[in-house]
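Participant: Below is the structure I would like to discuss, written out as structure tokens.
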Amino acid sequence: MKEIIRITVGLTVSCLIAALVMGSVFVITDNAKKHNEHVNVQQTVLGLLGYTKSRPAPSDLRLYTIYRYIISDGDTSTLGYMLPVLKGDSVGYQLAVIDLDGQLVNQFKLGVTPEKASEPTERSAALKEVLKPPRTFVYADSTIIAKLGQRRLAYLLPGEFPGFKTFIDVMLALDPSFKIIGLEITEQEEDPGLGAEIKQDYFKNQFRGKSFEKLKALHVIKEPLPEEYKEYLERGKGRESPIPEGELEIIRSKYQDKDIYALTGATISSKAVTDGVKNMVTKFAYRITRLDSVITRQHIPVAF
Amino acid sequence: MKISGGNYLFPAILAIMGIFLLAGCTTDHRFVKKTAFKEADAIIIEFAGPVDEAWAGNASNFEVYEKPDPDIKLKIQKVTVSADRKTVILTFADALNKNQPHILTMHSISSEGKSMGTAILSVKKVYLGYLFSILIGAMIINNFVFTKYLGLCVFFGTSQKKSTAVGMGITFTIVIVVSAMMSWFLYDFVLQPFRLNFLQIVVFIGLVSLSVQAVDTILRKVNPLLFKAFGVYLVLVIANCIIIAVPLILADNQYNAFESLMLALGAGLGFLTALFLMSSVRERLELANVPPTYRGLPIAFVVAGLFALAFLGFSGMSIF
Amino acid sequence: MPATTKTNFQLVSNGILDENPIFRLALSMCPAVGISTTVMNGLMLGTAVLFVQVFSSCTIAAIKNHIHPRIRIPTYTLTIATWVTVIDLVLAAYMPAAYKEMGIFVKLIVAFAIITMRLEIFACKNSVSASFWDGIGMGLGFMFGMVSLGLVRELLGMGTILGYDVLGFRPLLFFVLPAAGFFCVGIMMAMFNYIELVYNRKKRAKQV
């Protein structure tokens with residue numbers, strides 16, 4: 001009997017010590033993890049906009065994030081947009097509830113700052129104060145709007161869609177007319193050497209410059225990538241560009257409206273990225289147009 | 001080798017499948033019999049009685065959107081009504097994303113002049129098909145040994161003879177199903193709600209040890225003959241990477257109970273298949289003329305490599 | 001086995017050569033086959049295993065007199081699981097990109113037979129310092145195995161080492177696929193066998 005008690009006590013004590021060690025490590029690393037994630041997103045965004053260490057972003061570049069939620073009340077659904085609004089000198093958040101036909105239903109002031117708003121738990125807490133049960137809300141996606149001075153520079157869309165193996169996470173940069181400025185693959189678990197090549201310049205740079213109209217009808221062609229196009233796509237990697245300046249423009253206009261050349265041995269991954277980007281942009285364009293019309297009609301003092 | 005419980009296993013499986021099929025057969029609305037995806041860009045709706053041509057021909061009576069995007073209504077290109085007016089096919093302008101459930105709303109269904117009310121239904125792929133695809137996926141397409149290269153230590157250790165291989169495979173399948181179900185239960189009801197995700201590893205490995213102990217004790221009491229045949233493999237199960245990989249995967253993908261069961265079954269059966277294939281080859285290798293430096297493990301690795309290449313052929317396959 | 005009489009250096013070299021986990025003991029082969037696609041992965045996983053092995057060995061060696069014999073195995077498992085969680089959290093926070101490449105293999109360290117076996121055979125019978133060096137030896141042996149495999153596979157498969165383009169072209173993409181992992185490990189094991197054979201032959205020739 002004493003044996004069993006000793007064993008149980010010994011096990012319980014070890015479990016508690018282990019839990020303590022893990023718990024403290026978790027708390028310490030969690031903060032570092034969130035900070036690192038935030039820094040990563042910032043760097044990706046700046047990279048997509050064309051700013052590097054040697055060409056830093058101008059001081060009047062501002063990034064504002066809109067968070068979209070789907071609010072359900074029994075059988076009806078509405079969209080809730082957390083919009084950054086101007087509050088004197090600083091920026092606060094406001095929730096605009098829009099029904100499925102694009103009409104504003106309700107507006108609430110939210111007590112959350114932009115810094116805190118990047119945390120899902122902080123956003124949920126702020127939303128719970130204004131959206132009482134039986135209404136429930138579910139996070140849908142977010143959009144980052146880059147503003148230079150007084151004009152909108154670009155829209156940056158983080159998104160996720162199924163790839164060949166699991167999911168592919170991307171960050172897409174669009175200009176105000178929904179033309180693609182750049183595409184960055186942030187996370188993928190595709191096959192190395194095959195599907196993982198989607199993160200190489202010669203694939204993802206093919207999306208650059210595709211207009212909205214072309215994007216809506218974008219397909220994947222199973223042909224090998226022409227050499228001159230490949231060199232054009234990979235220029236700027238620090239190596240001497242093999243193409244003379246004058247020819248760059250010719251190549252660019254030649255391939256501007258072509259479809260996406262698939263990766264060798266990774267047609268499914270290529271198609272997944274193309275379809276995913278297509279869906280993301282078409283849905284976003286539809287939504288932002290409606291949101292903008294609500295903002296202008298209701299004179300919401302948004303920061304972007 | 002007879003399994004005494006086997007007499008009840010098969011009818012039980014049939015009954016479960018029957019329940020699933022039944023559940024997929026009816027819908028929430030009394031007048032609508034069935035809704036399903038058809039080809040790449042259409043939805044087919046079957047009614048319990050004939051619908052009015054005027055109502056069915058008007059595409060604005062139908063609203064379809066993907067469940068996570070309620071604000072984006074999909075454009076219906078045309079509506080086809082069958083001759084007996086009990087079936088309606090909606091064809092869409094773009095291909096449908098069948099992996100997402102779609103919500104179909106039919107306003108004031110009109111049948112022979114009477115209104116049957118408004119129906120809001122969910123159209124999705126057959127759930128049984130999805131479960132089955134997880135099973136086949138874990139068993140063949142993403143075979144844990146040849147495609148995910150897990151569980152290799154035990155694999156090479158027990159694949160020398162067919163009898164040991166089969167014994168190990170069956171024991172492993174039983175333990176993994178038991179531990180996967182317990183892991184799912186703990187993950188869904190304890191770890192996730194309390195945000196204790198970082199305790200995953202400790203909890204799962206603890207559950208594995210517990211399952212091994214449990215299966216060991218139960219087998220000892222219930223069927224000593226079976227225990228004599230398989231008991232020795234139970235200890236080896238803990239050192240198997242797959243046994244902890246399965247709970248980690250189901251936690252990552254947030255599977256529900258049935259999906260976890262399918263994953264565990266697929267993993268176990270896949271392991272059994274791999275072991276059986278490997279042991280068949282290794283038994284013949286014993287009689288072959290292998291160079292001295294390659295004898296034993298090195299040649300086994302090369303054979304496993306060949307199997308892995310063969311299984312590569314399954315990659316990308318998708319049923320349902 | 002009574003407490004070891006080897007010097008610290010012998011302990012370390014034992015882990016790398018005589019009892020190399022991957023090539024000689026044939027344990028913990030899952031990552032060797034799966035993740036050794038690049039040198040970077042090998043280094044990272046090797047470091048993680050080193051960390052877990054050293055800390056677990058030291059912990060067990062420190063508390064070996066308080067462990068009740070009946071709960072030996074659960075205690076080992078608990079210790080290993082704790083340290084694996086720690087290194088998993090640390091890697092996920094400070095090196096997220098590399099961590100994602102390794103998938104669930106960091107979490108799977110808990111199921112590596114090598115670590116439990118080492119605790120059972122060595123740590124519970126030896127002092128903390130001896131266990132420390134033995135842990136380092138085993139960890140370094142594992143890292144050596146992973147890195148050498150990664151070197152071969154990355155060079156022949158992608159033409160790069162640690163991401164730097166060395167060859168400028170891709171010889172055989174096959175080496176990056178998992179099937180090649182099996183082949184490479186098998187061939188390298190055979191090579192180790194061959195070296196041992198030759199070494200033994202030379203030793204016997206010298207004795208004669």
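No lab work stands behind these numbers, since they all come straight from the coordinates. All values derive from a computational prediction rather than experimental measurement. Glycine also receives a Cβ, built like all others from the backbone with ideal geometry; neighbour counts cover every protein chain displayed.
Participant: Between C:98, C:123, C:81, find the one with the highest GNM mean-square fluctuation for chain C; connect C-alpha pairs within less than 10 Å.
Facilitator: In this elastic network of chain C, the residue with the biggest mean-square fluctuation among C:98, C:123, C:81 is C:98.
Participant: Running a GNM on chain A with Cα contacts under 10 Å, which residue among A:223, A:245, A:197 ends up with the highest mean-square fluctuation?
Facilitator: A:245
Participant: Same structure again: Applying 1/(1 + (r/R0)^6) with R0 = 30 Å to the Cβ-Cβ distance of residue C:68 and residue C:98, what FRET efficiency is obtained, to the nearest 0.05?
Facilitator: It comes out at approximately 0.15.
Participant: Only counting other Cβ atoms within 10 Å, I'd like C:173, C:197 sorted with the fewest neighbours first. Mind dumping the intermediate values first?
Facilitator: Values: C:173 18, C:197 12.
Lowest to highest Cβ neighbour count: C:197, C:173.
Participant: Which residues does a label at residue A:297 reach in the stretch A:48-78, if reach means a backbone N under 18 Å from a point 7 Å past the Cα toward the Cβ?
Facilitator: Backbone N within reach: A:77-78.
Participant: Between residue B:46 and residue B:31, what length comes free when the chain is fully extended (0.36 nm per residue of separation minus the Cα-Cα distance, one decimal in nm)?
Facilitator: 4.5 nm is the gain from fully extending residue B:46 to residue B:31.
Participant: Run the helix sum for chain C: -39,500 (n - 2.57) per DSSP H stretch of 4+ residues, divided by residue count, reported at 222 nm to the nearest 500 deg cm²/dmol.
Facilitator: The helix-only estimate for chain C comes to -22000 deg cm²/dmol at 222 nm.
Participant: Quick one: if the Förster radius is 35 Å, what FRET efficiency do residue B:130 and residue A:60 give, using the C-beta to C-beta distance and rounding to 0.05? Before the final figure, lay out the partial values.
Facilitator: Numbers: r = 51 Å, r/R0 = 1.45.
FRET efficiency, residue B:130 to residue A:60: 0.10.
Participant: Using a cut-off of 25 Å between alpha-carbon atoms, which lysines can reach residue A:34, once sequence neighbours fewer than 8 places away in the same chain are excluded?
Facilitator: Of all the lysines, those that pass the test against residue A:34 - Cα under 25 Å, at least 8 places apart if same chain - are A:53, A:116, A:128, A:147, A:199, C:100, C:107.
Participant: Quick one: 3J(HN,Hα) in Hz for the stretch C:195-204, Karplus 6.51/-1.76/1.60 with θ = phi - 60°, rounded, Gly and Pro as x.
Facilitator: For the stretch C:195-204, the Karplus-derived couplings read 4, 5, 4, 4, 4, 5, 4, 5, 4, 5 Hz, x marking Gly and Pro.
Participant: Then there's this: Just from its helices, what would the mean residue ellipticity at 222 nm be for chain B, if runs of 4 or more DSSP H residues each count -39500 (n - 2.57) and the sum is divided by every residue, rounded to the nearest 500 deg cm²/dmol?
Facilitator: Theoretical 222 nm ellipticity from helices: -17000 deg cm²/dmol.
Participant: Under 8 Å for C-alpha pairs, at least 6 residues apart: give me the relative contact order for chain A, rounded to a whole percent. Provide the component values of the computation, followed by the final result.
Facilitator: On the way: 436 pairs, mean separation 44.8, N = 304.
In percent, rounded to a whole number, it is 15.
Participant: I would also like to ask the following. Provide the FRET efficiency to the nearest 0.05 for the residue B:257-residue B:281 pair, computing r from the beta carbons and using R0 = 35 Å.
Facilitator: Computed FRET efficiency for residue B:257 and residue B:281: 0.40.
Participant: At 222 nm, what helix-only mean residue ellipticity would chain A give, in deg cm²/dmol to the nearest 500, using -39500 (n - 2.57) for each DSSP H run of four or more? Walk me through the numbers on the way to the answer.
Facilitator: Working: 8 runs with 122 residues, N = 304.
Mean residue ellipticity, 222 nm, calculated: -13000 deg cm²/dmol.
Participant: Now, a different point. At 7 Å along Cα-to-Cβ for each site, give me the label-to-label distance between residue B:290 and residue C:174 in nm.
Facilitator: 2.1
Participant: Could you give each residue of the stretch C:143-148 its phi-based ³J(HN,Hα) in whole Hz, using Karplus coefficients 6.51, -1.76, 1.60 with θ = phi - 60°, and x for Gly or Pro?
Facilitator: In residue order, the calculated couplings are 4, 4, x, 5, 5, 5 Hz.
Participant: Shape of the protein assembly as shown from its Cα gyration tensor (a ≥ b ≥ c, root eigenvalues): rounded if a/c is under 1.5, otherwise prolate when a/b > b/c, or oblate? If you can, show how the numbers build up before the last one.
Facilitator: Working: a/c = 1.70, a/b = 1.44, b/c = 1.18.
Since a/c reaches 1.5 and a/b is larger than b/c, the shape of the protein assembly as shown is classed as prolate.
Participant: Another question, then. Considering the zone a paramagnetic label at residue A:219 would reach in this model (a point 7 Å from Cα along the Cα-to-Cβ line), which residues of the stretch A:242-286 have amide N under 12 Å from it?
Facilitator: Correct set: A:259-260.
Participant: Could you check the simple spin-label distance between residue C:199 and residue B:195, using points 7 Å along Cα→Cβ, in nm with one decimal?
Facilitator: 5.3
Participant: Okay, moving on. Can you return the lysines within cross-link range of residue C:206? Criterion is Cα-Cα under 27 Å, with same-chain partners fewer than 8 residues away left out.
Facilitator: Partners found: C:6.
Participant: What percent do you get for the relative contact order of the stretch A:1-127 when only Cα pairs under 8 Å and 6+ apart count?
Facilitator: 11
Participant: Okay, next question. How high is the relative contact order of the stretch A:61-149, given as a whole-number percent (alpha carbon pairs under 8 Å, six or more residues apart)?
Facilitator: Relative contact order comes out at 38 percent.
Participant: Can you tell me which lysines have their Cα less than 27 Å from the Cα of residue B:34? Leave out same-chain residues fewer than eight positions away.
Facilitator: Once the sequence-local lysines are set aside, what remains near residue B:34 is B:67, B:73, B:75, B:78, B:86, B:98, B:114, B:124, B:125.
Participant: In whole angstrom, note down how far apart the Cα centers of the stretch B:211-233 and the stretch B:237-289 are.
Facilitator: Taking the Cα centre of the stretch B:237-289 as reference, the centre of the stretch B:211-233 is 20 Å away.
Participant: Multiply the residue separation of residue A:24 and residue A:76 by 0.36 nm, subtract the distance between their alpha-carbon atoms, and state the gained length in nm to one decimal.
Facilitator: Values: separation 52, 0.36 × 52 = 18.72 nm, distance 4.34 nm.
Taking 0.36 nm per residue and subtracting the Cα distance, the gain is 14.4 nm.
Participant: Farthest toward the dipole's positive end in chain C, which of C:93, C:193, C:113, given Cβ charges of +1 (Lys, Arg) and -1 (Asp, Glu) about the Cα centre?
Facilitator: C:193
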